[in-house]
1. With all protein chains present, how much of the accessible area of segment B:72-207 (probe radius 1.4 Å) comes from carbon and sulfur, to the nearest whole percent?
2. Throw me the Rg/Rh for segment A:139-213, computed over C-alpha atoms with Kirkwood Rh, two decimals.
3. Under 5 Å between amide hydrogens, which residues at least 5 positions from A:Leu163 or on another chain qualify, with H placed 1.01 Å from N in the peptide plane?
4. Give the Kirkwood hydrodynamic radius (Å, one decimal) of the protein assembly as shown, defined as one over the mean of 1/r across all pairs of different Cα atoms.
5. Quick one, what does Rg over Rh come out to for segment A:49-169 if you take C-alpha atoms and the Kirkwood Rh?
6. At 7 angstrom along the Cα-to-beta-carbon line, where would the label on B:Arg56 sit relative to the other copies? Give the distances in nm, shortest first.
7. Take chain B, connect every pair of alpha-carbon atoms lying under 10 Å apart with a spring to form a Gaussian network, then pick out the residue of B:Leu85, B:Leu181, B:Leu154 with the largest mean-square fluctuation.
8. Leaving out ligands, DNA and RNA, what percent of the accessible area of segment A:21-69 is carbon and sulfur, probe 1.4 Å?
There are 2 protein chains.
Amino acid sequence: MTAAVAAARPAGGENGAMSTSSTRRDATRQKLYEAAVTLIAEQGFSGTTVEEIADRAGVAKGTVYYNFGSKTELFEGLLRHGVGLLTDALRRAAADRPPVEGLEAMVRAGLEFIAAYPSFAQLFVAETWRTNRAWHDTLRLLRDEAVSVVSGVLDEAVRQGALAADLDTRLTASALFGMVLVVALDWLAFQPERSVDDVHAALVRLLRGRIRG
Amino acid sequence: MTAAVAAARPAGGENGAMSTSSTRRDATRQKLYEAAVTLIAEQGFSGTTVEEIADRAGVAKGTVYYNFGSKTELFEGLLRHGVGLLTDALRRAAADRPPVEGLEAMVRAGLEFIAAYPSFAQLFVAETWRTNRAWHDTLRLLRDEAVSVVSGVLDEAVRQGALAADLDTRLTASALFGMVLVVALDWLAFQPERSVDDVHAALVRLLRGRIRG
DNA sequence: GTATTTAAACTGACCAGTCAGTGCAAAAGG
DNA sequence: CCTTTTGCACTGACTGGTCAGTTTAAATAC
């Protein structure tokens with residue numbers, strides 16, 4: 001009968017029990033992330049249907065609900081996944097480098113990340129300052145993690161005397177973040193033929209205050 | 001007679017015939033803009049219903065369709081209205097000032113604009129790099145107008161020798177734009193107690209390259 | 001032989017856009 | 001004066017369609 005119903009609905013994604021390296025599920029989830037990120041970047045969360053996502057991933061609608069509890073959970077998983085990649089890239093760029101050099105490497109890592117995942121970057125800007133959304137807390141947490149990698153390096157630079165002691169590192173990290181984000185998105189949207197090196201060089205020059213005539 | 005009435009449905013908004021200072025309609029449209037900007041900033045375009053907008057504006061749903069042809073047209077009107085305000089503010093800031101000073105005044109104008117219309121700023125970042133949307137062309141046009149005010153001043157500064165001759169003014173304008181946008185949104189979201197002066201000072205210092213220890 | 005995926009039908013809520021009609025203020029008419 | 005007409009601005013119930021999420025039975029991996 002309608003009975004037992006629910007039965008085994010895995011639903012939860014990142015709960016305690018580690019998914020025992022189920023390669024198949026992981027592959028499906030990956031495909032769903034990739035499909036969802038493009039569509040949601042273009043159309044927004046509410047403007048994108050679950051069926052569209054499933055279709056583009058080449059998967060049945062039911063599979064979405066087998067792998068994720070809901071549309072929202074799929075999206076949260078996607079955010080976690082994406083910001084995780086960015087944070088790792090930033091950390092890797094800063095590692096084993098003196099702070100100021102590390103900062104410039106992080107700028108490059110940011111540009112490269114956005115070039116590699118433009119849809120994610122787009123979606124990220126669109127959602128970051130929105131409040132009252134289901135995933136707002138998740139996103140803010142993730143964002144803080146990424147930004148703190150930057151401000152951490154700035155703090156270290158201040159500690160070593162490479163940057164002014166009274167520098168507002170929080171605001172500076174924001175400014176850096178915004179600069180890279182907007183420059184990268186504009187670059188990709190309007191002058192995609194330019195190389196990363198080129199864009200990076202222009203940005204670094206700006207940062208070093210080597211602008212005046 | 002109660003009669004046939006309905007007859008003329010104006011629908012179109014910005015057509016040739018100038019609306020002869022219809023104060024009532026203008027007031028209604030203004031209320032609708034104000035209601036729509038907040039809701040769409042919070043929930044996105046597709047996530048916001050026309051009825052919600054009407055309710056918040058204290059108006060019936062039909063009124064929306066009396067004043068605008070569609071939900072999309074309402075939104076486009078809103079974009080035009082908002083970006084127009086920003087562009088004017090930037091132009092006013094730059095007017096009658098030497099370029100470098102004008103630049104710093106524009107940064108302040110940007111901060112003040114975002115502080116005055118945070119929802120609009122939010123909505124603007126969310127939509128600017130989205131492609132494939134109905135209003136994409138409109139928005140790109142408006143954005144170019146605003147950015148060109150900035151790059152125009154940069155060009156003038158280069159011409160006068162105040163900034164380096166080989167400065168990439170387009171990219172620099174983007175960077176400036178991004179910096180102000182993200183810093184302002186973070187400021188309002190996380191440290192709203194800070195004053196504009198304070199934030200402005202920190203930004204200008206960064207721009208002048210007075211960061212090193 | 002269990003875990004995962006498929007395909008297809010179904011439900012119930014929600015929503016953009018429509019339309020017949022109301023209210024009101026300023027002419028038009030007497 | 002008063003009353004009739006005109007037309008703008010607005011109203012809100014209604015319609016046709018859409019979509020998240022469910023359910024099921026059967027197929028396909030591992």
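1. Numbers: 2780 of 5390 Å².
Accessible surface attributable to carbon and sulfur in segment B:72-207 totals 51 percent.
2. On the way: Rg = 14.3 Å, Rh = 13.9 Å.
With Rh from the inverse mean 1/r over Cα pairs, Rg/Rh is 1.03.
3. A:Val158, B:Gly213
4. Numbers: mean 1/r = 0.0424 Å⁻¹.
About 23.6 Å for the protein assembly as shown.
5. Values: Rg = 17.8 Å, Rh = 16.3 Å.
In segment A:49-169, Rg relative to Rh is 1.09.
6. Result, one decimal in nm: 2.7.
7. B:Leu85
8. So the carbon and sulfur contribution to the accessible surface is 48 percent.
The values are calculated or read from the model by the stated rules, or taken from the named source; none is laboratory data. In this text the structure is predicted, and so the values were computed from the model without any measurement. Neighbour counts run over all protein chains shown; Cβ positions are idealised from the backbone, glycine included. Just so you know, the surface numbers come from the protein's heavy atoms only, side chains and all, with ligands and any DNA or RNA stripped out. Shrake-Rupley method; radii C 1.70, N 1.55, O 1.52, S 1.80 Å.
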